[in-house]
Ligand code: GMT
């Protein structure tokens, strides 16, 4: 049995898959007896405000000194990381998202005690979007190469990191995970009646409505499906493409069949309402929301982008089509929503796959193995 570790975690604390994964991992590690120190500019939203054993929070305060045109958040973060590492004698910093977190961790390591290690987890757009920016590319490559271990959330992201940044060092695969105590099919018969008649099906899309999510494709798919299957579309979340999507829905005369729930905290409850999730993204290193749906027994119909095919097994736990092929996606959705036996089979396959392949304990152990390896305590 290995000893408990002292781990600093830095992530984007607001809504977003990388912040969710980092926070949930921190909570799991704390339950497993490690001392976890979140070092962020706000309390991560998934952390909650109640006291949790083994979890500590260190706020990064940015100095707004009058000569600064731009307050230097990155320097304040690096300095705070080093301070916490020294004061708490952290074993390692686990940073989520390359920019600026892996760069700040490198700087912190130069200032902290000599045994401090840095583990960087790549989540997606830090590579698929930012690493295409020539002004950031060298810095991202530098931070990745200087980390003691690097993990990425899908094989596809590992491949893309190697290709885009010409990186040869080992990168560990650490899939996203769900906590089976939270994500399971919830009873939502009462809530369901607020959105749909008993004979109607519910299709759902959950995202931050960024252009990479191709939310307009969701509307195209739904427009075709509702001509053949009595159904409703429920949107959860909000973001930059929301006005465009609302306009499209009005133009297509679908507003009576579409519901917008805005941002929601109780995703397991909301997702359990759905008969299928739509995820037609342009880029998606993993697709945490499809895993959350899977764990609640809800199949995904989506694109073959990025790591989605590693999560959703085509024909077993959902259906996938090339990016932008909304007609094919609609055909799959009609098949799923109109064949109760297929829907039941997929639901069972979803529950099985989520519990056995992407379960929290399994992935937490993978991370622990990496920590002990970099610390030479295998
Ligand atoms: O998908 C988003 O827009 C949020 C983004 C993030 O950076 O928080 O999510 C990324 O990380 C998640 C957790 O690892 C992955 O499940 C998402 O697929 C990934 N998003 C993209 O690659 C677009």
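Flag set for residue 102, criterion: outside any strand (DSSP E or B), within 14 Å of the ligand (Cβ to nearest atom) and in contact with a helix residue (DSSP H, G or I) (Cβ under 6 Å, 6 or more places away or on another chain). Of all the numbered requirements in (1) under 27 Å from residue 266 (Cα atoms); (2) surrounded by fewer than 23 Cβ atoms within 10 Å (Cβ to Cβ); (3) away from the ligand (no atom under 16 Å from the Cβ), residue 36 misses one, and that requirement is (2).
Condition check ((1) outside the structural domain of residue 118 (by TED's automatic domain parsing); (2) touching a residue at least 60 places away in the same chain (Cβ under 8 Å); (3) outside any helix (DSSP H, G or I); (4) surrounded by 14 or more Cβ atoms within 10 Å (Cβ to Cβ)) across all residues:
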position	(1), (2), (3), (4)
323	yes, yes, yes, yes
330	yes, yes, no, yes
336	yes, yes, no, yes
363	no, yes, no, yes
370	no, yes, no, yes
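For the range 293-309, a residue qualifies if it is near the ligand (Cβ under 10 Å from one of its atoms) and either part of a helix (DSSP H, G or I) or free of Cβ contacts under 8 Å to residues at least 12 places away in the same chain (or both), and exactly one does: 308. Where strands (runs of 3 or more DSSP E) fall wholly inside the range 134-236, the ranges with 1 or more residues that are within 25 Å of residue 253 (Cα to Cα) and either within 16 Å of the ligand (Cβ to nearest atom) or within 23 Å of the chain's Cα centre (by Cα) (or both) are 201-206, 231-236.
I'm checking my understanding of the structure. Among residues of the range 58-82 that are within 25 Å of the chain's Cα centre (by Cα) and surrounded by 15 or more Cβ atoms within 10 Å (Cβ to Cβ), which one is nearest to residue 92 (Cα to Cα)? Result: 81.
When the range 34-58 is filtered for residues that are in contact with a helix residue (DSSP H, G or I) (Cβ under 7 Å, 6 or more places away or on another chain) and outside any loop (DSSP other than H, G, I, E, B), the ones remaining, listed by number, are 36, 37, 38, 39, 55, 58.
Tell me the residue from 329, 341 that is modelled with pLDDT of 95 or more and either closer than 25 Å to residue 149 by Cβ or touching a helix residue (DSSP H, G or I) at 6+ places or on another chain (Cβ under 8 Å) (or both), please. The unique qualifying residue is 329. Does residue 82 count as within 21 Å of residue 373 (Cα to Cα), in a helix (DSSP H, G or I) and touching a helix residue (DSSP H, G or I) at 6+ places or on another chain (Cβ under 6 Å)? So residue 82 does not fit the description; no. Can you pull out every residue in the range 85-95 that is surrounded by 23 or more Cβ atoms within 10 Å (Cβ to Cβ) and assigned to a helix (DSSP H, G or I)? Listed by number, the list holds a single entry, 85. For the range 266-292, the set of residues classified as away from the ligand (no atom under 12 Å from the Cβ) and either within 23 Å of residue 199 (Cβ to Cβ) or without any contact (Cβ under 8 Å) to a residue 60 or more places away in the chain (or both) consists of 266, 269, 270, 271, 272, 273, 274, 275, 276, 277, 278, listed by residue number. When residues in the range 354-378 are screened for being over 18 Å from the mean Cα position of the chain (by Cα) and modelled with pLDDT of 95 or more, 11 of them pass.
Condition check ((1) surrounded by fewer than 24 Cβ atoms within 10 Å (Cβ to Cβ); (2) in contact (Cβ under 8 Å) with a residue 60 or more places away in the chain) across all residues:
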| site | (1), (2) |
| --- | --- |
| 97 | yes, yes |
| 121 | no, yes |
| 127 | no, yes |
| 166 | yes, no |
| 171 | yes, no |
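Filtered by the rule that a residue be modelled with pLDDT under 95, within 16 Å of the ligand (Cβ to nearest atom) and either over 22 Å from residue 287 (Cα atoms) or outside any helix (DSSP H, G or I) (or both), the range 1-33 gives 12, 13, 14, 15, 16.
The values are calculated or read from the model by the stated rules, or taken from the named source; none is laboratory data. These numbers were taken from a predicted model, which means no experiment stands behind them. Methodologically, a virtual Cβ is constructed for each residue, glycine included, from the backbone with ideal geometry; neighbour enumeration extends over all protein chains shown.
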